[in-house]
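Notes follow once the structure below has been shown.
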Amino acid sequence: VAHQVMPIDRSINTTKYEKIVDKERSVAGKAKRAAIGCLLAYLAIAACILSMMLAAAIYRPLPSELGVTWKDRLRGRIFEPFTRLVYYYPSRLCPNALCMLHWTRLSIKSLTRLIGPWFDCHPDLLMETSEWDGVKALVYHPRKQSMAESDGAIVFFHGGGFAIGDIKMYESLTTAMAKQMSTRLFVSVEYRRVPETVFPGGLEDCEKILDFVIANGPEMYGIDPNKIVIMGDSAGGNIAAAITQRRKRRGAKPSILGQVLIYPFLQMSDLQSPSYHLWQREMEGLSFVDPLSVGFYSLWYAGVDVNAHPEYAKAATQNRHASKEVRTMTAKYMNYSLLPAEFRDDLKSSGEMPEPIKELSEHLTPFLTNPDFAPLMQPDLSHLPPALVITTQFDVLRDEGTLYAQRLNASGVPTQWTHYAHGFHGMLNLHNKLQIARDVIANITEWTMKLLRVSTA
């Protein structure tokens, strides 16, 4: 009997098989996604724990008076530890001073770019990089001369301990200042830095730019050479003060119309003033300008090889770099009794003068007593240009700026001293983040433009 073999419908079996496989794959996929989710959750928890441990490890309380607005205080408490992680701690791991310097230059320049603003332009303000008399400068001028309120000029010298800053790092600040100060010319100078070029190389570069502006500014930009205001922060304030003194000494004409000294570095003989002691009490371990950095950079400026002798920088913070004769001379100009009473809260009894390091103090004596290097050491401050001197509470340089402003005023120089009790050294570079920094720029603008208007009248 023949049996008829029914054909097997394989499509049905295949479909069932595929459904089973798809179901297994779906279950496996869900399990895999659940596992990945659990792993990510564990990683997130671990990251949170590590972040909290890191935050606890690096936590340092900031001075309660730092910052005016709650936003300033909040941003300061975020930015300061971040700066320590990126710049301060790594620089302390460097094997020598040169490594520390190069890391500091790189990290601070990167931080400045990160902070921004990334795009900051003005349709009526032109900006260009030029080289005048062999010195690089960032030049701002209005698209049309008639757009400027004043036919004056501003020449700005950046800070950075004579070692760190440059016109690129300061571009955000100088752009903001140039936009607010409606003059026909605003120049930011790229002077040579230490240790590649020591005193007086950077000072002479700044004088070259100033002389170029005086000689060529009227024809190139339509400025009045009698209406030039020079300004600088920190080391740049030192240069601005020194230039006004040097021009007076030489009888150079035309006279500088005004000088703006922003938390200036004015002497190096005494690194034990009350403002240095305030740093020890309130700011040690934080990323603010510290005495050791002042020692390193200023010694480099004086031609001392602190890469070979890093112990000299530490000695400078103890005033062992200055001879007893120099310290006695400096005491006339760093007279703590003339400081405001609240500044003297951190005054400590100096006791006996520490024994100076002979070879170091002998090398430094001609620098420490030279007003071109240390403008505070100038005995006669009369007949200098009107001055705006800005100091901040949380700054090792607070006292010398204060005393210089007092001496200028006592010498008959029209002087406005403005102290920011909630400010800190270097805060202008955070002008787009901090209201207090914007307030300082507004103050500088108001003083400068008023001086230019009076000179026009």
Next item on the list: Can you figure out the FRET efficiency of residue 106 with residue 419, using R₀ = 35 Å and their beta-carbon distance, to the nearest 0.05?
Entry: 0.60
Next item on the list: Would you mind computing, in nm to one decimal, how far apart the modelled labels at residue 40 and residue 324 are, each placed 7 Å from Cα along Cα→Cβ?
Entry: 7.3
Next item on the list: Would you pull out the residues with amide H under 5 Å of residue 319's amide H, same chain only if 5 or more places away, H placed 1.01 Å from N?
Entry: 271
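Enumerate by residue number the GluC sites (Glu not before Pro) in the stretch 137-194 meeting two conditions: DSSP loop (anything except H, G, I, E, B), and at most 15 other Cβ atoms within 10 Å of the site's Cβ.
On the way: sites: 149, 171, 190; in loops: 149.
Loop-located and lightly packed - 149.
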Item checked: Estimated vicinal HN-Hα couplings, Hz - the stretch 190-200 in sequence order (Karplus 6.51, -1.76, 1.60; Gly, Pro = x) -> 9, 7, 5, 10, 7, x, 4, 9, 9, 3, x
Next item on the list: Would you be so kind as to identify which of 340, 361, 374 lies farthest towards the positive end of the dipole of the stretch 323-393, taking Lys and Arg as +1 and Asp and Glu as -1 on Cβ and the Cα centre as origin?
Entry: 340
Note to self: Can you tell me how the stretch 108-193 classifies by the Cα gyration tensor, rounded, prolate or oblate, using a/c under 1.5 as the rounded cut?
What the structure shows: oblate
Check: Heavy-atom accessible area per residue, the stretch 314-457, 1.4 Å probe: how many Å²?
Finding: 43
Margin query: Defining a contact as two alpha carbons under 8 Å apart and six or more residues distant in sequence, what relative contact order in percent does the chain show?
Written below: 16
Margin query: Cut-off under 22 Å on the C-alpha distance; same-chain residues fewer than 8 positions from residue 71 excluded. Which lysines are left, in chain and number order?
Written below: 433
Note to self: Taking a virtual spin label 7 Å from the Cα of residue 432 along the C-beta vector, which residues in the stretch 163-180 bring their backbone nitrogen under 15 Å of it?
What the structure shows: 168-180
Check: Taking residue 314 as the anchor, which lysines have their alpha carbon closer than 24 Å to its alpha carbon, excluding any fewer than eight residues away along the same chain?
Finding: 324, 348, 358
Note to self: Residues of the stretch 247-272 with backbone nitrogen within less than 18 Å of a virtual label 7 Å along the Cα-to-Cβ line of residue 439, please, listed as ranges.
What the structure shows: 262-263
Item checked: Whole-Å distance, taken between Cα centres, linking the stretch 273-294 and the stretch 309-377 -> 16
Item checked: Estimated dipole of the chain in Debye, rounded to 20 [Cβ of Lys and Arg +1, of Asp and Glu -1, Cα centre] -> 1460
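Please quote Rg/Rh for the stretch 296-438 to two decimal places, taking the Kirkwood radius as Rh and restricting both calculations to Cα atoms.
On the way: Rg = 16.7 Å, Rh = 17.0 Å.
Answer for the stretch 296-438: 0.99.
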Next item on the list: Determine the share of the chain's accessible area contributed by carbon and sulfur atoms, expressed in whole percent, with a 1.4 angstrom probe.
Entry: 59
Item checked: Amide H contacts of residue 125 (H built 1.01 Å from N, under 5 Å, at least 5 apart or other chain) -> 143
Check: Per-residue HN-Hα couplings for the stretch 352-362, Karplus 6.51 cos²θ - 1.76 cosθ + 1.60 at θ = phi - 60°, whole Hz, x for Gly and Pro?
Finding: 6, 5, x, 5, x, 7, 4, 5, 6, 5, 5
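Which value, in debye to the nearest 20, gives the size of the charge dipole of the stretch 292-379 about its Cα centre, when Lys and Arg are +1 and Asp and Glu are -1 at the Cβ? Numbers along the way, then the final one.
Numbers: 8 positive and 11 negative charges, 29 e Å.
In total the dipole reaches around 140 debye.
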Check: For mean projected area of the Cα convex hull in nm², the choices are (i) 31.8; (ii) 34.2; (iii) 25.2; which was calculated from the structure?
Finding: (ii)
Checklist line | Computed magnitude of the charge dipole of the stretch 183-272 (debye, nearest 20; Cβ of K, R +1, Cβ of D, E -1) | finding: 360
Check: ³J(HN,Hα) across the stretch 431-448 via Karplus (A = 6.51, B = -1.76, C = 1.60, θ = phi - 60°), whole Hz, x for Gly/Pro?
Finding: 4, 7, 10, 10, 5, 5, 5, 5, 5, 5, 4, 4, 5, 4, 4, 4, 5, 5
Note to self: Before I look further, what does the stretch 111-181 give for accessible area per residue, probe 1.4 Å, in whole square angstrom?
What the structure shows: 44
Check: Among 302-309, 159-166, how do they line up from the highest to the lowest mean number of other beta-carbon atoms within 10 Å?
Finding: 159-166, 302-309
Checklist line | Cα-projected label distance for residue 305 with residue 409, points at 7 Å along beta-carbon direction, nm | finding: 4.6
Next item on the list: Could you state how much accessible area residue 62 has, in square angstrom rounded to the nearest 10, with a 1.4 Å probe and all protein chains kept in place?
Entry: 20
Notebook entry, point to check: For residue 438, what accessible area in Å² do you get when you roll a 1.4 Å probe over the heavy atoms of the protein chains, rounding to the nearest 10?
Noted result: 90
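The values are calculated or read from the model by the stated rules, or taken from the named source; none is laboratory data. Since the structure is predicted, the reported quantities are computational estimates derived from the model, not experimental observations. Positions of Cβ are generated from backbone atoms using ideal geometry, with glycine treated the same way; all protein chains shown enter the neighbour counts. The protein model used for the area step is the full one, side chains on, heavy atoms only, and it has no ligands, DNA or RNA in it. Shrake-Rupley method; radii C 1.70, N 1.55, O 1.52, S 1.80 Å.
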